[in-house]
Amino acid sequence: MAQLAEKPAASIPRVGKQGDPCVMVIFGAAGDLTARLLLPALYNLARADLLSKEFAVLGIARAQMSDEDFRKNIKEDVKQYCGDCIDDTIWESFSRRFYYLAANFNDDSLYPKVKERLAQIDRDHSTHQNVFYYLATAPNYFGLIVEKLAANGLMQQGSDHWRRVVIEKPFGHDLESAKVLNQQLLKLADEKQIYRIDHYLGKETVQNIMAFRFANGIFEPIWNRRYIDHVQISVSETVGVEGRGSYFDHAGSLRDMVPNHIMQLISLTAMEPPISFDANAVRDEQAKILHAIQPLSDQEVLIRAVRGQYDDGIIAGQKVPAYRSEPDVVPDSRTETFVAMKLMIDNWRWADVPFYLRTGKRMPARNTHIVIQFRRAPFVLFRDTSVEHMMPNQLVLHIQPEEGISLQFAAKVPGPVMRLGTVDMNFEYQQYFGKQPSTGYERLLHDCMIGDQTLFQRADMVEAGWTVVDPVLELWKALPPRTFPNYAAGTWGPKEADELLERDGRRWRNFEK
C-alpha cells in the first residue's frame, strides 16, 4: 500500500474554514496547560491557516509580566513543546496578537480592566467583539469567574457578536456538585455558550469512531449484541501523579477519568446513528447511551467494581516509589490509582453485552484503546481437524500513543495440516496520512471559534456520567480499602481486575508497546 508523503511543515494544507474573528481570553495563562497544550495548538492552527487574521489572545494570570514578556514566554513554550516547528514568518504575525493582564481571578477590579483591554484589542484587530473565555484554572474558580464576567456585561451576546466560555474538567466532584455547577453556569449563560471540554475528544481516533462506524457498510450491521461478545475500554498510564499529589489524593482515578474521558468513549462506541452531524443530534444519541448505563447497586459495586493503589516497582528499568511515598500524598492514603468496572447498557442494541473499563497509573505501558470482541465462530466445521479451539475476532481502536485501528482474525497456517493462526491487520494514521503537528486541542479550539459544540459535553451528559459513578464513590467511601497498596508499579493492576473478566470466561487485551 502506497504511503502518502509527509508534507513540509510550512505547507500544511488548510482543510475547512477559518475560525471566526475573535479574542481568546485565557484565565490561567501562565499555567502548565496553557504552555504545553493551548499555545502549541494555537500555533498549529496558525500554520494550517485556520486562524482568522482578526484573531487575538488576552492572557490573564497572577504572574507579573508585560505583553512583551508574555510573547517571549510563548515562544519558549512553543519551542519546547513543538520542537523545531517554528516558522519565523508565521511567528511574527502570530505573536503580535498576544496581550497580557496580571491579576487575581477573584479581584473585582480585574473585570473592568478585561472589558477595557477587549475594547482596545477589538479596535486594533477588528475581532468583531467575539470572545471566548478559556478557564485553564482550578475548578473552584469556574463559577466565580463566569459570575464576575456576567456581572460586568462580558457574557452578553448581540445579534452581531458572540460570547462563549470553555471549561476544563473536572465538572464537579460528584453528581450533586456537578448539578450545582451546571445550575450556576446556566443562570449566567445559555447552554449554547458553554463548552465543557474533554481533550480526549480531540484525538483523531476518537473523532474517527463515528466515521468508522457510520461510513462503512460492513461494520454497522454487526455492531450489536448478535455479533459482539463484549467491549473493553482501557486507559493505562506509566506515570504516577506527576507533582499533582495534593489534587489527585482528593480526586482519585475514578473521579479523574471515568465520568468524563471514559464515558465519552463509551457513548461514541455504543451510540445509535444520529440523524445528522449537527451538534445536538450527535449529543442526543450520546446522552441516551449514558442514561441507559445501569447504575450499580451496593451489592453489584462489591463484585463489579475493582479499585487499586500502586506500590513501588519497576517501570522501563527504573525503580519508582509507591503512591503513598509520592510528594503531597498522605502516608496512609486510601485513594485509588486504578479502577476497573463492568457496566451494562440497558437498551435493545447492547442487551447482555458487558462493557469492561479500566484505568490506572504506573502500569507497564501508556496506552488507550477500545477492544470490540466479536462472538466466536461455531467450532463444528473444525471438530475433526487439529484445531483445538476458535479464537474470537477482535477489532481494536488505538487512541494513544499511536493512533490507528487493527483487526485480528484467523487464517490457515501454510502446510498440509489444518492449523489456524491469528493475524493482525493494522492501520496507523501517521503511517498512512503522514504526521501532522497536533496536541489534541487544535480541533477543539477551532470548534470553539466556529461555534460547533459536537465534541463538547452538555449539562445532561455530565450529570448522566456522574449518576453512574456516584454509587461506587459512596460505597467505597463507606468501606475503606483494606489491602492497599495491592499492585506493584509496572504491572497491569490488582489481580481482582483480572478476576473480574475471568469470572465471565474472558480476559483483558494488553498492549506492551
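FYI, it's all coordinate maths here, none of it is from the lab. Quick caveat: nothing in here was measured; it's all calculated off a predicted structure. Quick reminder, even Gly has a Cβ in these numbers, built from the backbone with ideal geometry, and neighbours come from all protein chains shown.
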Distribution output for the chain: share of Cα-Cα pairs per 20 Å bin in percent, first bin at 0, values 21, 53, 24, 2, 0
Give or take rounding to whole Å, what are the principal axis extents of the alpha carbon atoms in region 55-122, in descending order? 41, 24, 15
Which order results if Glu512, Glu402, Glu176 are arranged by neighbouring Cβ count within 10 Å, fewest first? Glu512, Glu176, Glu402
Mind pulling the angle between the C-alpha long axis of helix 175-188 and the longest principal axis of the chain? Nearest 10 degrees, somewhere in 0 to 90. 30
As I understand it, the value is the acute angle between the Cα axis of helix 204-214 and the longest principal axis of the Cα atoms of the chain; what does it come to in degrees, rounded to 10? 60
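In what sequence, highest mean first, do 438-447, 128-137, 499-508 appear when ranked by Cβ atoms within 10 angstrom? Before the final figure, lay out each step's value.
Details: 438-447: 20.6, 128-137: 22.2, 499-508: 14.0.
Peptide ranking by packing, descending: 128-137, 438-447, 499-508.
So if we plug the beta-carbon distance of Asp504 and Lys192 into 1/(1 + (r/R0)^6) with R0 = 45 Å, what FRET efficiency do we get, rounded to 0.05?
Values: r = 43 Å, r/R0 = 0.95.
Approximately 0.55, to the nearest 0.05.
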Hey, how many Å between the Cα centroid of region 172-206 and the Cα centroid of region 472-498? 29
Measuring from its Cα centre, the chain shows a charge dipole (+1 at each Lys and Arg Cβ, -1 at each Asp and Glu Cβ) which, in debye to the nearest 20, is 700
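Could you compute the FRET efficiency for Ala215 and Thr467, with r as their C-beta to C-beta distance and R0 at 30 Å, rounded to 0.05? Before the final figure, lay out each step's value.
Values: r = 32 Å, r/R0 = 1.05.
Here the calculated transfer efficiency is 0.40.
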What Kirkwood hydrodynamic radius, in Å, does region 201-502 give when the mean of 1/r is taken over all pairs of distinct Cα atoms and then inverted? 21.0
How many angstrom lie between the C-alpha centres of region 294-359 and region 118-164? 39
Using the Kirkwood radius over Cα pairs of region 131-250, the Stokes-Einstein translational diffusion coefficient at 20 °C and 1.002 mPa s, in µm²/s and rounded to a whole number, is 120
Cα-Cα pairs of region 260-337 separated by more than 17 Å (percent): 67
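Which pairs in the list Lys169/Lys342; Lys79/Lys148; Lys115/Lys179; Lys115/Lys203 are over 32 Å apart, alpha-carbon to alpha-carbon?
Details: Lys169/Lys342 24 Å; Lys79/Lys148 34 Å; Lys115/Lys179 30 Å; Lys115/Lys203 34 Å.
Beyond 32 Å: Lys79/Lys148; Lys115/Lys203.
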Spin-label proximity, Gln400 to region 243-277 - amide N less than 15 Å from point 7 Å beyond Cα toward beta carbon: 256-258, 260-265
May I ask for the Rg/Rh ratio of region 449-509, computed from Cα atoms with Rh as the Kirkwood radius, given to two decimals? 1.15
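Sequence gap at least 6, Cα distance under 8 Å: using those rules, report the relative contact order of region 201-502 to the nearest whole percent. Present the calculation step by step, with values, prior to reporting the outcome.
Working: 528 pairs, mean separation 84.3, N = 302.
Computed over region 201-502, the figure is 28 percent.
Could you work out the Kirkwood radius for region 9-168, taking every pair of different alpha carbons, averaging 1/r and inverting it, reported in Å? Each step should come with its number before you reach the end.
On the way: mean 1/r = 0.0623 Å⁻¹.
Hydrodynamic radius (Kirkwood, Cα only) of region 9-168 equals 16.1 Å.
Asp298 to Asp460: extension gain in nm, 0.36 nm per residue of separation minus the Cα-Cα distance? Let's see the in-between values first.
On the way: separation 162, 0.36 × 162 = 58.32 nm, distance 2.41 nm.
Taking Asp298 through Asp460 to full extension adds about 55.9 nm, to one decimal.
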Taking 0.36 nm per residue of separation between Lys75 and Asp32 and subtracting their Cα-Cα distance, the length gained on full extension comes to 14.0 nm
Length gained if Gln430 through Arg225 is fully extended, taking 0.36 nm per residue and subtracting the Cα-Cα distance, is 70.6 nm
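Divide by every residue of the chain the summed helix terms, -39500 (n - 2.57) for each DSSP H run of at least 4, and state the resulting mean residue ellipticity at 222 nm, rounded to the nearest 500 deg cm²/dmol.
The helix-only estimate for the chain comes to -10000 deg cm²/dmol at 222 nm.
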Pairs of alpha-carbon atoms within less than 8 angstrom and 6+ residues apart define the contacts here; what relative contact order does region 9-168 have, in percent? 29
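What is the Cα convex hull volume of region 88-186 when expressed per residue in Å³?
Numbers: hull volume 12.5 nm³, N = 99.
Per-residue hull volume (Cα only) is 126 Å³.
Tell me the relative contact order for the chain as a rounded percent, counting alpha carbon contacts under 8 Å between residues six or more apart.
Answer for the chain is 19 percent.
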Estimated FRET transfer efficiency when R0 is 35 angstrom, pair Ala151-Asp49 (beta carbons, to 0.05): 0.40
